[in-house]
Amino acid sequence: MMATPDPASYDVIVIGGGPAGETIAGRCADHGLSVVLVEKQLIGGECSYWGCIPSKTLIRPGDVVAAARRVPGAAEAVTGRIDVDAALAQRDYMTSDWEDGGQVTWLAEKGIALVRGEGRLVGERAVEVAIPEGGPQRLEATKAVVLATGTSAAMPPIPGLADVRAWDNRAITAAKQLPRRLLVLGGGAIGAEMAQACKRLGCDEVTVVEGSPRLLAREEPFAGDELAAAFEAEGISVITGVSMASVRRAGADGPVVGTLADGREIEADELLVAVGRRPATGSLGLDKVGLEPGRSVDVDDQLRATGVPGGWLYAVGDCNGRALLTHMGKYQARIAADVIVGREARDEASASVVPRVTFTDPQVCAVGLTEAQAREQGIEVRGVEYGTGDVAGASTQGNGITGTSKLVIDEERRIVVGATFTGPGVQELLHSATVAIAGQVPLARLWHAVPSFPTVSEVWLRLLEAYGL
């Protein structure tokens, strides 16, 4: 019988090689700790290969054409259709054709060991990795084990859904060709972005079905309403407030037929399911440390898993359920790395200062609390609004620029606790709001932050004037 090799020992073991896992591994290595990264798929994770990067690359051609069409003179130069093959080739380039050699090189340059396989907890500071075509490898950590396994697409228990070969975010962002008719189940960020991207890239028919009363149900009400109106103007059908009762595929390779709760039927060539995410923690061995497999890993403000004695287990990124966004996972990874190396650090943003952008046209950009969320927390707030397109900087970008900008202001402290901006290309407005909220900048000081003219950022001045300054 072959002897079991001695476990390899490192200061830090990171399970999951997405953005959060890469970030904490790199930061710990930069501080002189020995680090091993365990990943069963591609280094770079969901965001790099099936999420943020490919989706925004597919969105970009339609955005550029739409922006040009709003500008007299440029509009006349737009005479053809988008070259779909070229757009898909650029997507392939941006994902490195789903090869992670560049990221592997980066790990080596940082001195981070890489173990390819599925890791799971087997005890305190102990991880076992199932190596493809090989035996298990045991790893032990002297300081910390970090879980950074992210999430996967949720599939709701709709009759027939398991049998129709529905697309998830991975299937649509990696698609080699577009369907003529696309049915999108879910009106959140992923569903909305991919619905518009596919319509602009050439799908003849796109229908979005959202069970909530509006698209982007967690944002300010006007955001979903404005987006729905824009979709309808582009020929995208939007159905809200109705759930999907069942789905079926007509024949082995026939169309998908979705039946709504009110009896209506929608036929499409492919069905994209984008109704949310579930934590990828089912096979992590959480039960070995007293946690429940398949659930988000609850953490404290230092990103340590609660309920696990000794403070050695951390969870960063989507798998902890705090704020399911790449940039927030990377932020949490920086905080956790600092804690591991002995610095005083706490997560002060994931609960109430989360910036988020839905890259549709109009874009929906928000940070902090909506007015309704603030009131639910018992904060006395006042909301002020101004038209994003009503400033001179917007008019210089073309005709028909519309949208809404809103600040949610804590009346007692006279600081901004939430902000939302809608309109074409307004994502770069968001960080100013993030700084104002994270820094708890008093309105009296914000009044002296003078926006350049003519830029869309002048909307900040108009919002403060609308408040009464």
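A few points about this structure:
- Summed side-chain charge close to residue 299 - residues other than residue 299 whose Cβ falls under 15 Å, Lys, Arg +1, Asp, Glu -1: -3
- Principal-axis tilt of helix 101-110 within the chain, Cα atoms, nearest 10 degrees: 60 degrees
- Estimated D of the range 342-469 in µm² per second, where Rh is the Kirkwood radius over Cα pairs and Stokes-Einstein applies at 37 °C, 0.692 mPa s: 220 µm²/s
- A cut-off under 15 angstrom between Cβ atoms defines the neighbours of residue 372, and their net charge, with Lys, Arg +1 and Asp, Glu -1, is -3.
- Signed unit charges on C-beta, dipole axis of the chain, positive-most listed residue 378, 327, 80: 327
- If you take the alpha carbon atoms of the range 317-382 and fit the smallest convex hull around them, that volume is 108 Å³ per residue.
- Förster-model FRET efficiency, 60 Å R0, residue 452 and residue 116, C-beta, rounded to 0.05: 0.75
- Of the trypsin sites (Lys or Arg not before Pro) found in the range 174-278, those that fall in a DSSP loop while having at most 10 other beta-carbon atoms within 10 Å are 176.
- Within the range 280-345: Cβ-based charge dipole about Cα centre, in debye rounded to nearest 20 (Lys, Arg +1; Asp, Glu -1): 160 debye
- Among the GluC sites (Glu not before Pro) found in the range 99-138, those both in a DSSP coil and sparsely packed, with 16 or fewer other Cβ atoms within 10 Å of their Cβ, are 99, 124, 133.
- Here the Kirkwood formula puts the hydrodynamic radius of the range 128-214 at 16.4 Å, using every distinct Cα pair.
- These residues, 292, 234, go from largest to smallest accessible area, 1.4 Å probe, as 292, 234.
- Residue-normalised accessible area of the chain, given per residue in Å² at a 1.4 Å probe: 45 Å²
- Surface composition of the chain: carbon plus sulfur atoms hold 49% of the accessible area, using a 1.4 angstrom probe and ignoring ligands, DNA and RNA.
- FRET E, pair residue 109, residue 250, Förster distance 51 Å, beta-carbon r, rounded to 0.05: 0.45
- Relative contact order computed over the range 206-329 (Cα-Cα under 8 Å; 6+ residues apart), in percent: 13 percent
- Extension gain for residue 233 to residue 283 (0.36 nm times residue separation, less C-alpha to C-alpha distance): 13.5 nm.
- Debye intensity ratio in log₁₀ form over the Cα atoms of the range 57-163, taken at each q of 0.11, 0.17, 0.18, 0.20 Å⁻¹: -0.72, -1.02, -1.05, -1.13
- Where a label projected 7 Å from the Cα of residue 131 along Cα→Cβ would reach, residues of the range 7-33 with amide N under 13 Å: 7-8
- Computed extension length for residue 267-residue 346: 23.5 nm, one decimal, from 0.36 nm per residue of separation with the Cα-Cα distance subtracted.
- Solvent-accessible surface (1.4 angstrom probe) belonging to residue 288, in square angstrom, nearest 10: 120 Å²
- Working from the Cα coordinates of the chain, the gyration tensor eigenvalues give, after taking √(5λ), semi-axes of 38, 30, 21 Å in decreasing order.
- Model label sites at residue 427 and residue 86, defined 7 Å from Cα along the beta-carbon direction, differ in position by 2.1 nm.
- Taking 29 Å as the limit for the C-alpha separation, the pairs 40/330; 40/199; 288/330; 56/406; 110/176; 176/406 exceed it in the case of 40/199; 110/176; 176/406.
- Positive contributions from Lys and Arg (+1) and negative ones from Asp and Glu (-1), summed over other residues with Cβ under 9 Å from the Cβ of residue 361, come out at -1.
- Mean separation of Cα contacts under 8 Å, 6 or more apart, over the residue count of the chain: relative contact order %: 14 percent
- Alpha-carbon geometry of the range 164-314: the Rg and the Dmax are 19.1, 57 Å, given in that order.
- Cα centre as origin, Lys/Arg/Asp/Glu Cβ charges: the range 1-140 dipole, Debye: 500 debye
- Taking the charge dipole of the chain about its Cα centre, with +1 at Lys and Arg Cβ atoms and -1 at Asp and Glu Cβ atoms, the residue from 10, 254, 309 reaching farthest to the positive side is 10.
- Working from the Cα coordinates of the range 247-334, the gyration tensor eigenvalues give, after taking √(5λ), semi-axes of 40, 15, 11 Å in decreasing order.
- Label-to-label distance, residue 413 versus residue 78, with points set 7 angstrom from Cα along the beta-carbon direction: 4.2 nm.
- Farthest towards the positive end of the charge dipole of the chain, among the residues 396, 235, 352, is the Cα of 352, using unit charges on the Cβ of Lys, Arg, Asp and Glu.
- Dipole moment magnitude, nearest 20 debye, the chain about Cα centre, only Lys, Arg, Asp, Glu C-beta charged: 260 debye
The values are calculated or read from the model by the stated rules, or taken from the named source; none is laboratory data. All values reported here derive from a predicted model rather than from experimental measurement. Backbone-built Cβ (ideal geometry, glycine too); neighbour counts: all protein chains shown. In case anyone asks, the SASA skips ligands and DNA or RNA and just uses the protein heavy atoms, side chains included. Shrake-Rupley method; radii C 1.70, N 1.55, O 1.52, S 1.80 Å.
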